[in-house]
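The values are calculated or read from the model by the stated rules, or taken from the named source; none is laboratory data. The shown structure was predicted, so the numbers you read here are calculated from the model rather than taken from an experiment. For neighbour counting, all protein chains shown are included, and Cβ atoms are generated from backbone atoms with ideal geometry for every residue, glycine included. To get the accessible areas, we keep the full protein, side chains included, count just its heavy atoms, and leave off ligands, DNA and RNA. Shrake-Rupley method; radii C 1.70, N 1.55, O 1.52, S 1.80 Å.
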Protein chains: 2
Amino acid sequence: MPRSTSSSSSKGGPVTLAMVARRAGVSPQTVSNALNSPDLLRPETLERVRHAIDVMGYRPSRAAQTLRTRSSKLIGYGVQPTPAGSATPVMDRFLHALSQAADEAGYRILLFACPPGGPTLDGYEELLGQHEVDGFVLSGTARQDPRQAWLAQRGVPFVGFGRMWSGRQIGDWVDVDGASGTDAAVEHLVALGHRRIAFLGWPRGSGVGDDRAEGWQRAMRRHGLPTRGRRAQSVDDIDSARSAIKPMLDAGVTAVVAASDMLALGCYHALRERESAPGRDVSVIGFDDSPTAAILSPTLSTIAQPMEAVGWECVRLLLARMADASAPPERVLLEPFLVVRDSTPAVHPGPSGPTTSTAAR
Amino acid sequence: MPRSTSSSSSKGGPVTLAMVARRAGVSPQTVSNALNSPDLLRPETLERVRHAIDVMGYRPSRAAQTLRTRSSKLIGYGVQPTPAGSATPVMDRFLHALSQAADEAGYRILLFACPPGGPTLDGYEELLGQHEVDGFVLSGTARQDPRQAWLAQRGVPFVGFGRMWSGRQIGDWVDVDGASGTDAAVEHLVALGHRRIAFLGWPRGSGVGDDRAEGWQRAMRRHGLPTRGRRAQSVDDIDSARSAIKPMLDAGVTAVVAASDMLALGCYHALRERESAPGRDVSVIGFDDSPTAAILSPTLSTIAQPMEAVGWECVRLLLARMADASAPPERVLLEPFLVVRDSTPAVHPGPSGPTTSTAAR
DNA sequence: TCTCAGCGTTAGATCGTTCCAATGACACTA
DNA sequence: TAGTGTCATTGGAACGATCTAACGCTGAGA
């Protein structure tokens, strides 16, 4: 393994295609072909060129490639600062998956700062104007997000993490099936013997929140369980959540499915206030698997979003879109998964007792 | 303000320097000068060129600039996935500040995936080989981090977020003064009337942990308070922390300064176990201001790291290094700040009572 | 009177790569 | 033998910017 990467520091500039060509006794174009269309070369020539490349530690210059091919192999991603204490707590996983998936396809992720307020188009325009990126990954796509339409209009490939909940769907996106998550949460609780299961969600109108509520509702109906009067709503704040869930606890629910870990924590507080214990007296399931969930006491069962998979899928869809701009839009809905912890113990000793034939223990 | 940015989509390719030159009635080079050294142009020519640039919506092509100047205006940053439940909870703030600061200087941040284990050099080598980046920002610099030496050896500009705790200092870095943070924590507690203040840290030998311990120690000494037998240690895990702090509580400490929020949470558990209440009976201060801190009950007072400032400083130092490779290394130590919450209430009704003249209220 | 530095601008070469059209060598059919 | 086609390779021209050296002219210093 020669791999003398030091050659770049041995003499003046870096190793160029022409230098490799001279050494291998071929023309520059042949070296280019050896890299981009190896099947055009005769095997022995290919071997010779490859050897020269290896010995000299040659790496093509991205700048020159970009200039010539008009493709930077860069994907733009706008980082927004976390608004407050919540949201995207696992962004690093997403970003890691994103760059890893990009890397494997020969792309890289280029960051740029999105202003804290709503996402503006300035940053996107600038990156495009300078032909710096081939496409974008959007995240935190809100309702009525102007970016999708703006990008679509000028034919820029993009993929969103998150559906558009209102208006016409534009472009490709990857999202997590919140309904499926809360559905699974209900399934889990029913299997543990619960029948009076409340849902603590956000005020109606937020797409994500309504989606999560819907999964709870459909699972309840499937099991013939009542949903009327079992649904509470609150903004994503502990104290609001605490008071919002009280009536449900008064009504004797034995389990709560919350639309976020923050809301679930509100349940914890409401329970403690009435000297009940989360987990022991009332089971609680959160959503998002925030870092906090694992260290609460009792540790919080929660629905986790497969952030790595989201990252991979974003890159996959984006590459497909860049390969074929006219392909029909692709939308991927990923399944979240339930992380069972201590807030949903296996034996449910609540007032109603187990009603299904779940094997205890 | 014409600013017809649509011109790039009106006809074939993008607007080039030559096109602007033709329109302004000057040579391409003059347009280049208008952008890079405006003082070379006669004011009227400058105005004419600028007008043409504006009307045509011209933006220089980064690829061409990079090819010619051999400077990509890109800064590399390796994203590591969060190891487990801990660390880098506020990475998005850091990244946002980083890209914003870079943007303002005409640079951008390029991500690449660092393997989960130790940081390898492969990624850095590849980015350098292709001349994709002008410098690096390193984070999570561990003791004996090989990257610093490797980069320094080949003259690549870099700046680390985090000191090197062992071995010779290499290159520029930005770090947060942990000792100053714990010092401030002790100051705060003393002002509230506490005198028996314990420190719960990590096992000796970790640079960061020892640094934080040192601040507690020096502040205690300054106030003539005893530190012997007041220092507990534990790995960053709730249960370990809980049992580690027990002896201190038995010894009657009225406040605990912890080296991390996780350890602080261990204190909470230890206190509850003995039917004491964090905040009411014993004050607790954590470190890092993780998202969890604000939602614990009682909410946890904690030392927050100025992540935005760290980001800015990283970029500042890196740019300085790129401008002058032979300048003496610069090291920046930023002050963390105390976020006062409910775990350190103003009135300390512990067994010893307030000893200083803090206004009760 | 002669030299020379400075003025704002320009022509031409250059960075390292890929695209396009054309090359020569070779085997195949007619 | 000439014609046709395929294959592997090549020369030259972009891509869009910046760098260097020089343009013709003016006014100051010798």
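If R0 equals 60 Å, the separation of the Cβ atoms of B:Arg222 and A:Ala251 corresponds to a calculated FRET efficiency of about 0.60.
Note on B:Glu187 and A:Ser297: the model spin-label points, each 7 Å out from Cα along the C-beta direction, lie 3.3 nm apart. Dividing the alpha-carbon radius of gyration of the protein assembly as shown by the rule-of-thumb value 2.2 N^0.38 Å gives 1.09. Think of each Lys and Arg Cβ as +1 and each Asp and Glu Cβ as -1; about the Cα centre, that makes the dipole of the protein assembly as shown roughly 720 debye.
Taken residue by residue and averaged, Cβ atoms of other chains lying within 10 Å of the Cβ of A:100-113 number 5. Annotation for B:Ala149 and B:Val55: the two label points, set 7 Å from Cα along the Cα-Cβ direction, are 6.1 nm apart. In chain B, the calculated helix contribution to ellipticity at 222 nm averages -12500 deg cm²/dmol per residue, counting -39,500 (n - 2.57) for every DSSP H run with n ≥ 4.
Distances between placed amide hydrogens fall under 5 Å for A:Glu330 paired with A:Asp172, A:Trp173, all partners being 5 or more residues away or on another chain. Using a 1.4 angstrom probe on heavy atoms only, work out the carbon and sulfur share of the accessible area of the range A:178-305 in %. The computed percentage sits at 49.
Of the listed residues A:Phe337, B:Phe287, the order by accessible area with a 1.4 Å probe, largest first, is A:Phe337, B:Phe287.
Interface size, chains A and B: roughly 4500 Å² of accessible area buried, both sides included, 1.4 Å probe, rounded to the nearest 100.
Of the peptides B:341-347, A:91-97, A:180-186, the ranking by mean beta-carbon count within 10 Å, highest at the top, reads A:180-186, A:91-97, B:341-347. Calculated accessible area for chain B comes out at 44 Å² per residue, all protein chains present (probe 1.4 Å; ligands, DNA, RNA ignored). Applying 1/(1 + (r/R0)^6) with r as the Cβ-Cβ distance of B:Glu47 and B:Val347 and R0 = 56 angstrom yields a FRET efficiency of 0.25.
Rolling a 1.4 Å probe over the protein chains gives A:Ser139 an accessible area of about 10 Å². Computed over protein heavy atoms with a 1.4 angstrom probe, the accessible surface ordering of B:Asp177, A:Asp281, largest first, is A:Asp281, B:Asp177. Computed with a 1.4 Å probe over protein heavy atoms only, the accessible area of B:Tyr107 comes to about 30 Å². For A:Lys246, the aspartates and glutamates whose Cα comes closer than 16 Å to its Cα, not counting residues fewer than 8 places off in the same chain, are A:Asp236, A:Asp237, A:Glu273, A:Glu275, A:Asp281. In the range A:7-60, the portion of solvent-accessible area held by carbon and sulfur atoms comes to 52 percent [1.4 Å probe, whole percent, DNA, RNA and ligands not counted]. On a 0 to 90° scale, report how tilted helix A:261-273 is relative to the longest principal axis of chain A, with both axes built from alpha carbons and the result rounded to the nearest 10. The two axes meet at around 20 degrees. Summarising the label geometry, the points placed 7 Å from Cα in the beta-carbon direction at A:Glu335 and B:Gln29 lie 6.7 nm from one another. Please find the FRET efficiency linking A:Ala277 to B:Leu40, where r is the Cβ-Cβ separation and R0 is fixed at 60 Å, and quote it to the nearest 0.05. About 0.20, to the nearest 0.05. Restricting to Cα pairs below 8 Å that are 6+ residues apart, what does the relative contact order work out to for chain B? Please round to a whole percent. Result for chain B is 16 percent. The order of A:Glu44, B:Glu275 by accessible area, most exposed first and with a 1.4 Å probe, is B:Glu275, A:Glu44. Axis angle, to the nearest 10 degrees, between helix B:178-191 and the longest C-alpha principal axis of chain B: 40 degrees. One compactness figure for the range A:178-305 is 0.91, namely its Cα radius of gyration divided by 2.2 N^0.38 Å. Springs join every pair of Cα atoms under 10 Å in this Gaussian network model of chain A, and among A:Met307, A:Met164, A:Met322 the largest mean-square fluctuation is at A:Met322. Under a model in which nothing but the beta-carbon of Lys, Arg (+1) and Asp, Glu (-1) is charged, the range B:272-338 shows a dipole of about 40 debye around its Cα centre.
Here's the list of aspartates and glutamates a cross-link from B:Lys73 could span, going by alpha-carbon distance under 16 Å and ignoring same-chain residues fewer than 8 apart: A:Glu126, A:Glu132, B:Asp103, B:Glu104, B:Glu132, B:Asp134, B:Asp324. Compared with the dominant principal axis of the Cα atoms in chain A, helix A:307-323 is inclined by about 40°. Buried on complex formation within the range B:21-70 (loss of at least 40 square angstrom of accessible surface versus the isolated chain, 1.4 Å probe, ligands and nucleic acids ignored): B:Arg59, B:Arg62, B:Ala63, B:Leu67.
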